1. Suppose each label sits 7 Å from its Cα in the direction of the beta carbon; what would the Leu39-Asn142 distance come out to in nanometres?
2. Once you charge only the Cβ atoms, +1 for Lys and Arg and -1 for Asp and Glu, what is the size of the charge dipole of region 67-155 about its Cα centre, to the nearest 20 debye?
3. At 7 Å along Cα-to-Cβ for each site, give me the label-to-label distance between Ile101 and Gln56 in nm.
4. Once you list every other residue whose beta carbon is under 14 Å from the beta carbon of Glu49, what net charge do they have if Lys and Arg are +1 and Asp and Glu are -1?
5. If I model a spin label as a point 7 Å beyond the Cα along the Cα-Cβ vector, how far apart are those points for Glu25 and Ile68 in nm?
6. Over all directions, average the projected area of the Cα convex hull of region 112-157 and note it in nm².
Amino acid sequence: MSIKPTPEPSAENHNSEPGKDLASETIAAIEQQQLKLKLEVEKLYRDVERQRGWFQTLVSGLVMAIMIAIGISSWFAYRLVVQEQITQREATETAAIQAEILEQVERLEQKLQKLNQQTPEELAEIKDATESTQRELQQLLNRLNQIEAKQRDFGKSPSSAANTQETKENSD
């Protein structure tokens, strides 16, 4: 680009042409306005850049907050799944233990019923055996009393020793 020297306004040119003077003032005003507009545009660019920086910071912060929220929710979801598995395992174990206990209770109830059925029969047998034993004891007592009575009677007579011997042999 070549720069052309601008002629200096001379007094003749200055006074002689009022339209040119007005044009140069208008050009100067336009140049000032253009300079102001350039400064304003630069200021707007700086503001836009600053706003863009704030916006990027905000977006980055939001992205990080979302990532943290996802991480926390994932952790809670994992904990819930683990807790559910533990609960299911405990429920299964409890059900197995409950089934085992119910089985034991049923066996005990069956034994109890069996004992209840056997007890009257056994009681009857025991009662019969007891009565039989009591009768035998009574008979033995009666015989013992008879033997003692005979010994007393024989103790008075001289042949009591021989009779006592005979009585013992008979009782055996």
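1. 15.0
2. Approximately 220 debye in magnitude.
3. Between Ile101 and Gln56, the simple spin-label model gives 6.7 nm.
4. It works out to a net charge of +2.
5. According to this spin-label approximation, the distance is 6.4 nm.
6. If I average the Cα hull's projected area over directions, I get 3.1 nm².
Quick note: the coordinates plus some simple rules give every number you see, no bench work behind them. Since this is a predicted model, take the numbers as computed values, not measurements. Glycine gets a Cβ as well: all are built from the backbone with ideal geometry, and neighbour counts include every protein chain shown.
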